[in-house]
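Worksheet: the structure to be examined is printed underneath.
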Amino acid sequence: MFFWEVPHRSEVAHNKGFTYYVDMNVTLSLDEKLVKEVRKIAVEQDTTLTGLVRAYLEQVAAEHGSERKRRDLELLNQTFDRFQAGLHYGKRNWRRADLYHRKSQ
């Protein structure tokens, strides 16, 4: 999937029980030649320069979020591994039936 194929999703804001969509305008300083080239690409993709920038930023945010989740999961697994390595249960010297026998007495 290319970055310009990511669907547009406006953020939803809530104010006193009413839901409305919020788009933030951002001003960028870009080289004129670059803007012309990207506009040509946008026309070829049946979108706008703004649409391309929006899709790219959404892709960057999504990739960052998934990378962060992966890193958090890896750290959690490392913590579990260290915890398990530090546990020493000892030799099992009981049977399951013994547990039930003790409980019924």
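The values are calculated or read from the model by the stated rules, or taken from the named source; none is laboratory data. This structure is a prediction, so every number in the text was calculated from the model and none was measured. Cβ: placed from backbone, ideal geometry, glycine included. Neighbour counts: every protein chain shown.
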(request) Return the residue satisfying two criteria in turn: it lies in the stretch 13-34 and is in a strand (DSSP E or B), loosely packed, with under 10 Cβ neighbours inside 10 Å and among the hydrophobic types (A, V, I, L, M, F, W, C), and of such residues it is modelled with the highest pLDDT. (result) Val22
(request) Can you confirm whether the stretch 75-83 contains a residue that is surrounded by 10 or more Cβ atoms within 10 Å (Cβ to Cβ), closer than 30 Å to Thr27 by Cβ and among the acidic types (Asp, Glu)? (result) no
(message) When you check Glu37 against the structure, is it exposed (fewer than 10 other Cβ atoms within 10 Å of the Cβ), at pLDDT 90 or above and out of contact with any strand residue (DSSP E or B) (no Cβ under 9 Å at 6 or more places or on another chain), yes or no?
(response) no
(request) Filter the stretch 37-73 down to residues that are more than 21 Å from Met24 (Cα to Cα), in contact (Cβ under 8 Å) with a residue 40 or more places away in the chain and of a type in the set (Gly, Ala, Ser), then give me how many there are. (result) 0
